[in-house]
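Take a look at the following structure, please.
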Amino acid sequence: MYAVIRTGGKQHRIEPGQSIRVEKLAGEVGDSIELDEVLMVGGEGEARVGQPLVAGVKAIGTITDQGRGQKIKVFKMKRRKNYRRLQGHRQDYTEIRVEKIEG
């Protein structure tokens, strides 16, 4: 069984036992989390597609890590104008291990 969920403005295809990195969510490592914005469920017979969400379906997972991604550099430059700007950014993330999909 698999599901397509929406979290942090992105969509992820998940299955039980899989680990995914999503935008930072509130919670501590070891906490259980409920992802209830399920857009599609499939794998057993006919796939169910929501409009926009599938009613009564949710994914249950456990937070395994709260961290920060690798640093990226944002560099702006205008040639011959002596204009250069360098800025760094590290995105926060939450790693979730999907336990089961209910519904």
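Return the distance in nm (one decimal) between the two label points of a simple spin-label model at LYS78 and ASP92, each offset 7 Å from Cα along Cα→Cβ.
According to this spin-label approximation, the distance is 3.4 nm.
Where Lys and Arg each count +1 and Asp and Glu each count -1, what net charge lies around GLN66 among other residues with Cβ under 12 Å from its Cβ? Before the final figure, lay out the partial values.
Details: positive: ARG21, LYS24, ARG68; negative: GLU23, GLU28, ASP31, ASP65, ASP92, GLU95.
Local net charge: -3.
So, one more: Taking the Cα centre of the chain as the origin and placing charges on Cβ (Lys, Arg +1; Asp, Glu -1), which of ALA47, SER32, HIS12 is farthest toward the positive end of the dipole?
HIS12
Sum up the charges of everything whose Cβ sits under 9 Å from the Cβ of GLY88, counting Lys and Arg as +1 and Asp and Glu as -1, but leave GLY88 out. Show your work: numbers first, answer last.
Working: positive: LYS71, LYS73, ARG90; negative: none.
Charge balance near GLY88 sits at +3.
Report the residue, chosen from LYS24, LYS71, LYS81, that carries the largest GNM mean-square fluctuation when the chain is represented by alpha-carbon nodes joined by springs under 10 Å.
LYS81
What whole-number distance in Å separates the alpha-carbon centres of region 55-103 and region 12-26?
12 Å
Anyone know which of GLU28, GLU46, GLU15 comes out most mobile in the 10 Å Cα GNM of the chain?
GLU46
Among ARG84, ARG68, ARG13, which one shows the biggest mean-square fluctuation in a GNM of the chain, springs joining Cα atoms closer than 10 Å?
ARG84
Turning to a different aspect of this structure: Determine the gain in length on full extension of the stretch GLU15-GLU44; use 0.36 nm per residue of separation and subtract their C-alpha separation, reporting nm with one decimal.
Working: separation 29, 0.36 × 29 = 10.44 nm, distance 1.25 nm.
Full-extension gain reported as 9.2 nm.
Each value in this text was obtained by applying a stated rule to the coordinates, not by laboratory testing. Treat the numbers as computed from the prediction; the structure is a model and nothing was measured. With ideal geometry, Cβ positions are generated from the backbone for all residues, glycine too; neighbour counts draw on all protein chains shown.
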